[in-house]
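First up is the structure itself, then whatever we jot down about it.
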Amino acid sequence: MTIKQKNNVLGLGFAIVLIIGYFLSISPTLSIKKNYDNLKQQEQIYANIPLRLRVLKQKEKHYDSLLQHYQITETSLQNNLLKTIDRYAKDHPIKVVSFDEPHSITQKGKKTNSYAFTVSGDFNAILGLAYQLEQKSKFGMIASLQFEKLKNYRTSKESLEGQFVLQLVQ
């Protein structure tokens with residue numbers, strides 16, 4: 001064999017040793033390193049879980065207190081509105097005369113629900129109900145409040161009725 005042939009065989013043998021070395025040692029090392037990096041990343045994610053859980057529990061308590069404060073439950077808004085009016089009527093000299101079905105309109109992608117109802121009582125109690133609904137309970141905006149003085153000719157008594165239209169834009 002000549003020197004040139006010996007060098008070619010040596011170069012080929014060196015390339016074969018490099019390929020075998022890659023598949024036997026370098027490739028498994030790279031896959032283990034990749035697995036290690038994934039596990040390290042998951043460890044960092046799981047290390048933040050107690051802090052995130054504590055923050056979520058605080059948010060849940062805050063939102064529950066808001067729901068309790070504004071007296072909102074899982075029932076429909078119409079039921080909550082009627083319940084609030086009824087609770088106010090028990091404490092003040094008013095009476096619910098009618099409560100109509102809600103009317104819904106969709107304009108420019110916004111849905112507006114209108115709730116119409118009529119109460120009877122004295123002026124201050126009706127105004128107090130309007131304040132309760134719009135400011136304290138945050139049900140929506142009172143679009144219309146119309147007062148009407150009615151006379152019962154049989155008993156010769158006069159009464160005041162307030163006709164509300166409450167709107168909620170969603």
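The numbers here are math on the coordinates, done by the rules we state, and not lab data. Note that the structure is predicted; figures quoted are calculated from it, not measured. Virtual Cβ from ideal backbone geometry, glycine too; neighbours counted across all protein chains shown.
When you count, for each residue, the other Cβ atoms within 10 Å and take the mean per peptide, how do 139-149, 106-116 rank with the highest first?
Ranking the peptides 139-149, 106-116 by packing returns 139-149, 106-116.
Which of the residue pairs Lys57/Lys111; Lys90/Lys136; Lys83/Lys138; Lys95/Lys157; Lys59/Lys83 have a Cα-Cα distance greater than 21 Å in the structure shown?
Checking Cα-Cα distances, Lys57/Lys111; Lys59/Lys83 exceed 21 Å.
Provide the net charge surrounding Arg54, with neighbours chosen by a C-beta distance below 13 Å and charges set as Lys +1, Arg +1, Asp -1, Glu -1.
+3
Where in region 85-128 does the label zone of Glu158 land, with the point 7 angstrom along Cα→C-beta and an amide N cut-off under 16 Å?
Counting only backbone N, you get 121-124.
Taking the structure as given and computing Kirkwood radius over Cα pairs in Å, which label from (1) 16.9; (2) 15.5; (3) 23.0 fits?
This structure yields the entry labelled (3).
Length gain on complete extension for the stretch Tyr131 to Ile19, per 0.36 nm per residue less the alpha carbon to alpha carbon distance?
32.0 nm
If you fit an axis through the alpha-carbon atoms of helix 49-69 and take the longest principal axis of the Cα set of the chain, what angle between them do you get, 0 to 90°, nearest 10?
That helix lies at roughly 10 degrees to the long axis.
Measure nothing but the geometry: give the 0 to 90° angle between the long axis through the Cα atoms of 3-21 and the longest principal axis through the Cα atoms of the chain, rounded to 10°.
Here the helix axis deviates by roughly 30 degrees.
Which one, Asn38, His69, Ile3, is farthest towards the positive end of the dipole of the chain when Lys and Arg carry +1 and Asp and Glu -1 on their Cβ?
Ile3
In whole Hz, what ³J(HN,Hα) sequence does region 130-147 give by Karplus (6.51, -1.76, 1.60; θ = phi - 60°), x for Gly and Pro?
Once θ is set to phi - 60°, the couplings for region 130-147 become 4, 5, 4, 6, 8, 9, 8, 8, 6, 6, x, 10, 7, 7, 8, 9, 10, 9 Hz.
By per-residue mean of other Cβ atoms within 10 Å, what is the highest-first order of 157-170, 11-24?
157-170, 11-24
Specify the angular offset, from 0 to 90 degrees and rounded to the nearest 10, of the alpha carbon long axis of helix 27-47 from the longest principal axis of the alpha carbons in the chain.
Roughly 20 degrees between the two axes.
Net charge around Leu145, counting only other residues with Cβ within less than 12 Å of its Cβ (Lys, Arg = +1; Asp, Glu = -1)?
So the surrounding residues net to -3.
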